[in-house]
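Note sheet for the following structure.
The values are calculated or read from the model by the stated rules, or taken from the named source; none is laboratory data. Given the structure is predicted, the values throughout are model-derived calculations rather than measurements. Using ideal geometry, Cβ is built from the backbone for each residue, glycine included, and neighbour counts are taken over all protein chains shown.
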Amino acid sequence: MECVTGFPFWPFDPHPEDVRIEDIAHSLAMQCRFAGHTKAFYSVAEHCWHVSRLCAPQDALAGLLHDAAEAYLLDLPRPIKYDAKMQPYRDAEAVVQRTIYAAFGLPPKTPVTVKEADRALAGLEIRELMTNRGAWWNGPIAGAEIRCWDPPQAKAMFLHRFAELTDAG
């Protein structure tokens, strides 16, 4: 597939040298969480920015990139993504995610602190952005401020955070 930079990325044959942070930031900034069923536009890029700030500092880059595979395979709502029929999709996503982590010198598994931050942030997102305010949510709720950045701002903030966490900063 052609990415916004003009370079190709092959989700079913991914290589670390084909991963570009600009492509990831752009795509995640253009995708709304929860399949767009939120009260306001809230991007995957902003979600990842928050996770990177909520997890353990040593895991912040993994937090920023924890959903980066969605730049190539899209953000699917949890009930769809975790249906048994979607196992091949989850397998492909796992390969792409490991490839992205490798491209940026990270271990192949998402750290526990990132998973915990992701779950707690989901609780906050549901409470703040969903119509029924997550009355059914029984998990933790993160202490963060959902800002609902527009795509250009979400992309810029994602790239700024990446620069802070890498030699690019």
* Return the residue satisfying two criteria in turn: it lies in segment 40-65 and is within 18 Å of P152 (Cα to Cα) and among the hydroxyl-bearing types (S, T, Y), and of such residues it is surrounded by the most Cβ atoms within 10 Å (Cβ to Cβ). => S43
* To do: Would you point out the residue of segment 112-125, among those that are free of Cβ contacts under 8 Å to residues at least 60 places away in the same chain and either among the hydroxyl-bearing types (S, T, Y) or surrounded by 18 or more Cβ atoms within 10 Å (Cβ to Cβ) (or both), that is nearest to T166 (Cα to Cα)?
  => T113
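Kindly evaluate A154 against the criterion of being touching a Cys at 6+ places or on another chain (Cβ under 7 Å) and either touching a residue at least 12 places away in the same chain (Cβ under 8 Å) or basic (K, R) (or both).
Against the criterion (touching a Cys at 6+ places or on another chain (Cβ under 7 Å) and either touching a residue at least 12 places away in the same chain (Cβ under 8 Å) or basic (K, R) (or both)), A154 does not qualify.
For every residue, the table says whether it meets (1) modelled with pLDDT under 95; (2) within 17 Å of E164 (Cβ to Cβ); (3) out of contact with any strand residue (DSSP E or B) (no Cβ under 6 Å at 6 or more places or on another chain); (4) polar (S, T, N, Q).
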residue	(1), (2), (3), (4)
A25	no, yes, yes, no
R33	no, no, yes, no
L65	no, yes, yes, no
A69	no, no, yes, no
T131	yes, no, yes, yes
A135	yes, no, yes, no
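Mind counting the residues in segment 38-70 that are part of a helix (DSSP H, G or I) and either in contact with an Asp or Glu (Cβ under 9 Å, 6 or more places away or on another chain) or hydrophobic (A, V, I, L, M, F, W, C) (or both)? Quick ask: steps written out before the conclusion?
Within segment 38-70, the first condition is being part of a helix (DSSP H, G or I), and the residues that meet it are 44-54, 57-65, 70.
Of the ones still in play, those that are also either in contact with an Asp or Glu (Cβ under 9 Å, 6 or more places away or on another chain) or hydrophobic (A, V, I, L, M, F, W, C) (or both) are 44-45, 47-52, 54, 60-65, 70.
Summing the residues that are part of a helix (DSSP H, G or I) and either in contact with an Asp or Glu (Cβ under 9 Å, 6 or more places away or on another chain) or hydrophobic (A, V, I, L, M, F, W, C) (or both) in segment 38-70 gives 16.
Looking only at residues in segment 1-27 that are assigned to a helix (DSSP H, G or I) and touching a Lys or Arg at 6+ places or on another chain (Cβ under 8 Å), which one is surrounded by the fewest Cβ atoms within 10 Å (Cβ to Cβ)? If you could, list the steps in order and put the result at the bottom.
Just the residues of segment 1-27 that are assigned to a helix (DSSP H, G or I), to begin with: 16-18, 21-27.
From the residues that got through so far, the ones that are touching a Lys or Arg at 6+ places or on another chain (Cβ under 8 Å) too are 25-26.
Details: A25: 26, H26: 22.
Step by step, filter segment 1-27, then rank; the result is H26.
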* For segment 94-101, indicate whether the set of residues that are touching a residue at least 12 places away in the same chain (Cβ under 8 Å), of a type in the set (D, E, K, R) and buried (at least 18 other Cβ atoms within 10 Å of the Cβ) is non-empty. => no
* Determine which single condition A144 fails, assuming it passes every other condition in (1) closer than 19 Å to V44 by Cβ; (2) of a type in the set (G, A, S); (3) modelled with pLDDT of 95 or more; (4) part of a loop (DSSP other than H, G, I, E, B). => (3)
* Taking A68 as the residue in question, decide whether it is in contact with a Cys (Cβ under 8 Å, 6 or more places away or on another chain), at negative phi and either among the hydrophobic types (A, V, I, L, M, F, W, C) or surrounded by fewer than 17 Cβ atoms within 10 Å (Cβ to Cβ) (or both). => yes
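Can you pull out the residues in segment 71-89 that are part of a helix (DSSP H, G or I) and at pLDDT below 95?
So in segment 71-89, the residues part of a helix (DSSP H, G or I) come out as 71-73, 78-81, 84-89.
Those that are part of a helix (DSSP H, G or I) and at pLDDT below 95: R78, P79, I80, K81.
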